[in-house]
Structures are given as structure tokens and as C-alpha cells.
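Presented below is the structure to which this report refers.
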Amino acid sequence: MGNNEKEFVKEVTPQNVDFSQWYLDLVLKTELMDYAPVKGCMAIRPYGYAIWENMQHLLDKRIKATGHKNAYFPVFIPQSLLEKEAEHVEGFAPEVALVTRGGNEKLAEPLVIRPTSEAIICSMYAKWIQSWRDLPLLINQWCNVVRWEKNTRPFLRTSEFLWQEGHTVHSTAEEAEEEARKMLDVYKDFVENELAVPVISGAKTEREKFAGALRTYTIEALMADGKALQAGTSHNLGQHFAKGFEITFLDKDKQLKYAWQTSWGVSTRLIGAIIMVHGDDRGLKLPPRVAPVQVVVVPIITKKKREEVLRRCRELLGELPAEVRVELDDREGYSAGWKFNEWEMKGVPLRLEVGPRDIEAGGASAVRRDNGEKSFIRSEDIPGKIQVLLKDIQDNLFRQALEFRESNTHRVNSYEEFQQLLEEKKGLFQAFWCGDLHCEEEIKNDTKATIRCIPFGKEDENGPCLYCGREGGKMVYLARSY
RNA sequence: CGGGGCGUGGCGCAGCUUGGCAGCGCGCUUGGUUUGGGACCAAGAGGUCGCGGGUUCAAAUCCCGCCGCCCCGACCA
């Protein structure tokens, strides 16, 4: 190990110098993305897309395991459809992209490029649902959406992004509520166990909820710079859209009723979360479960032992369990040291070094990305040990992120204390809030911090409102956020 | 949309004040020597200086306009 971190990573700004620049340097240098010629749009490069594909696979399994089926709806939404739910159109109007021409002809009605698909999907659901027997209807879609953003950042906020959106219809309010909560739990399980990102789940305030929803639930994560990130949302839409789109069904009691709905989504933003939760000055640290390359084998080639080393490396690939994503870096012209730094920057969880000395000793050297620990593994132990190490790295990343979050969560009792700590320490803040919109807005105006969520399981804890001091306030988490 | 900063080979920058052959480092290509924490030598390739006007014998450099990107705010997955 060298004595100076900077020797290892060139051209990536250190986090403590400029976190934002660190992030931007990293996404470009590691070839996760590149800027495209359209404002706020990016090309997701193969290395970045591979992370998304792994995430898709793992989440899609969970979505299907909870009874949902995938489908696809059009990217174009007739403008009039978007306008059928008042709050919804008001919320999204400022950021819709509109198509007014098709070929050489002006369109009779402009088409909105979907910012989210409630409108187009509800218009279809209205046709598909007549009876209680048609319910629940549980559909998910993987697609792109477009929101004309002013302030964009790779993965965190882009004009176009990839996501999944679930849209379900139920016959009772209770069932819709249960669904919205269940899918939030699915997200929490997915994000914590696959991405190793700890999240706090809870409800959004009225002010922060989705345009058109009855209630919005959220999972919130804390980034390494002390800012919070909304990592996923699940909405109980109530009957708002059902009424706007005439989604009705004849119930068992022979009454015609409006249906109850939910929608829920996570996006490529989660890639940003992985970067900002786990990364360090040497680059990305990808959780093994979603890393495109879990193990990189780096041959230490010397002139005399060149063929022997390469042969042993190729053998090793065949000995590893088939499910391990492994890559042999046998590129010529790059020194071993250069490759070490490159793969560390790209966040590969585990590196196996195979050189003459390792072969001599009957094994390979393993180096973990999460903590830099180096160990020698005998050849016969490699297949089993690799799996153990990857599991341990995954767990360790989660543990470290959780510890970071806990040591950066502060309980505050006064507004002055809150404002002071917010400047000094950043992070998440626990406090009480009376529920008044006025207090919520004043806090935001004063501090730039928002109420991230009203956490589940803390309903019994009550106290004086952070802002107005009124007793009986609910426990909330506050933070500055992305 | 307001405030600030920046646009010069792929990347990072110098040159601009005081107009006069478009440079440096890294990367890239080829050949050779190397390879246990970002190797070395040699020979090469690569630029409408963000875009459009203007001033001038002459513009990366001066003037006007526009565009893009980044940072900080208002709005948001």
C-alpha cells in the first residue's frame, strides 16, 4: 500500500474538496455514462447499463413474486388525458415535453411524452375493468419517462430516465393501502439487500406527496455528503384517478363503485445512490449483488513466466462457480499496478492476483475493494472462498453505510440546535412536527431542509413542534436533499 | 428562471492583458524493452480555438449576439 491516496487516483476530485465534482468525475471516468447532445440527457454506457440490468433482474423477480405482471403502454399521451386528474396535471405541467407535429403535419391534439404513465394506463384500465372479478389488477411496466428538468445531474436527475412503474387497481381502500405499503417494503428489501443501501421508510407530507395521490410513501437514504435521497416511492392513489378516468366496477353487492389504485416506482437514480453511499476517493465500490464484474483476475506477467501465468488464470476462470461474474484482464501493455487502480476505480468488489509467486505458493492473492484487505487463498479453496468473500463484502458495505447513517442522524430538541447542527454536521435530523404546512414551509425557507418522511413505527413518540413548539407533534426526519 | 464560473486535439490545461506559424502534460497508434500498486525509449496520428456576426492587412486573442456545460439558489424520481 502506498502512503498517499492521491497517488492512486488521478483526475478524480477528492470528496472532501468538492463532493459534487467527485461524483461527476467518477461517473465519467468509470464509463457509467456520457453526456449526450441533448440538455440533461445522457448515454448510459455498457458498464452503467449492466448495473441497471442487474438491478432490473433482481427487482423484477420481487415484483413478479408479489403477483404482478409486466406490460407496456405508449410513450405518447394525448394531452387531454393528462388533464383528467386536476392535481396531477398541475404537478406535471411545468415539466412535460410536448409533440405537436407528426411527419409534416400538425397534430390535431398535442401528445405529451410520458412523465409518468398514470394517465395513459388509467385510460386503458377503464376499458379493462367492469367487475370485481377483474380485480385486483396488478401490472408493472419497465420504461423510460421524460421530465423537462432545469437542474440536471447524471443519474440523479436527468431529463429522460429509466424506471419501473407499478400500477394496480383494487376493489377496496384497505386493499390499495395494503398494496402501497407492501410494495414499499419490497423496495426497502431490494435496496437494502441488493444495493446495500440502508433506507428509512415512512410517509411523505401533504406538501411532498405525488401529484394526484392520496398518500405517498417513501424510502429515504443518506448519501456520504450528508444529503438525503428519495430512493423510491409508493403511492396510494385513492379514487382520484378512478374518478377522473371513470374506472368503475360492479361489486359483489351489485353496486357500481369507483376502484382504488396504487402506483409505485424506482429509477436509474438508484445508480446514483450506490455511487454516493459507497464510493470513496479511489472510486466506486459496487455491491457484489449488482456489480457487473464481481471478480477481476489480474495476471502478473513477467517475461519468463508469461505463458504459465496466463494459463493458470484461464484455468482459474473455469474453476470459479458459474454464477460468479468474473473477468480476466489480460490486456497487454498495461502494468499490473495500473490495472489494480483502474478496477478499484470501477468498484469491482474483489480482485484476484495471479503471479509467479502465487503459482509457486499454490493459490492466488485476493484483495477486497471494500476494506483493502489482502489475503492469500489456496487454489482448492478459491471457488468456495470467493462466494464467502463476496457475501461478506456485500454485508460489510451495508453495515458501513448503516453505521454512517446512524452516526449522522441527530435528534434535535430546539430549532436553534437544529439550524446549528445542520450547518456543522449535516445528515438526518429527528424532530417533532405539528403537521402544519406553515411550519413545514418556514423550516424549508430558513434552512433548505425538508421533511423527508414521517417514519413508520414511531407513531407513539410525540413532542413539541420543532418550529412552533406546539405539543403533540409527530416524529419526522428532516434533511437537505437531492 | 436568477447569481457565479468555464468553453482551445479524447482528457486536463497554457496562450488572450499588449492581435502576427496553435502549444504543453496525459491519453491514443506503431515498434522495441518491461510488468507484484498508474513503467521506459523511439517514431507518429490527431485541433473549423463552442457557434454566428463585426473590426483589422491579419483574430484563440478586440467588439456584439447566441449556444452549451458546471456550481449555488427557486421547482422535481
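The values are calculated or read from the model by the stated rules, or taken from the named source; none is laboratory data. Predicted, not measured: the structure shown is a model, and the values here were computed from it. In this analysis, Cβ positions are derived from the backbone assuming ideal geometry, glycine residues included, and neighbour counts consider all displayed protein chains. For accessibility, only protein heavy atoms count, side chains too; no ligands or nucleic acids. Shrake-Rupley method; radii C 1.70, N 1.55, O 1.52, S 1.80 Å.
Descriptive notes on the structure:
- Lys/Arg +1, Asp/Glu -1 at C-beta; chain A dipole; positive extreme among A:Met223, A:Gly103, A:Ile63: A:Gly103
- For chain A, the per residue solvent-accessible surface stands at 45 Å², with DNA, RNA and ligands left out and a 1.4 Å probe.
- Taking every DSSP bridge with both residues inside the stretch A:1-160, close to 85 percent are antiparallel.
- Kirkwood-type radius of the stretch A:235-330, with distances r between different C-alpha atoms, in Å: 19.0 Å
- Counting every pair of alpha carbons in chain A, the share spaced more than 30 Å apart comes to 54 percent.
- Selection from A:Leu390, A:His167, A:Phe249 lying farthest towards where the dipole of chain A points positive, charges on Cβ: A:Leu390
- Chain A: calculated mean residue ellipticity at 222 nm from DSSP helix runs of at least 4, using -39500 (n - 2.57): -11000 deg cm²/dmol
- Selection from A:Met345, A:Leu135, A:Phe19, by position along the positive dipole direction of chain A (Cβ): A:Met345
- Relative to one another, the C-alpha centroids of the stretch A:128-173 and the stretch A:177-212 are positioned 14 Å apart.
- Counting Lys and Arg as +1 and Asp and Glu as -1 over every other residue whose Cβ lies under 13 Å from the Cβ of A:Gln420, the net charge comes to -3.
- Charge dipole (debye, nearest 20) of chain A; +1 at Cβ of Lys and Arg, -1 at Cβ of Asp and Glu: 1040 debye
- Averaging 1/r across all pairs of distinct Cα atoms in the stretch A:295-390 and inverting the result yields a Kirkwood radius of 13.3 Å.
- Net charge, A:Trp433 excluded, C-beta distance under 10 Å - Lys, Arg +1, Asp, Glu -1: 0
- Interchain or long-range residues, amide H under 5 Å from A:Tyr217's placed H: A:Lys204, A:Ser234, A:His235, A:Asn236
- If only the Cβ of Lys and Arg carry +1 and only the Cβ of Asp and Glu carry -1, the dipole of the stretch A:409-479 around its Cα centre is close to 280 debye.
- Rounded to the nearest 20 debye, the dipole size of the stretch A:295-390 about its Cα centre is 260 debye, using +1 on the Cβ of Lys and Arg and -1 on the Cβ of Asp and Glu.
- Positive minus negative residues near A:Phe249 (Lys, Arg vs Asp, Glu; Cβ under 15 Å): +1
- Euclidean distance of C-alpha centroids, the stretch A:449-482 and the stretch A:320-394, integer Å: 46 Å
- Protein heavy-atom surface of chain A, 1.4 angstrom probe: 49% of the accessible area is carbon and sulfur, with nucleic acids and ligands not counted.
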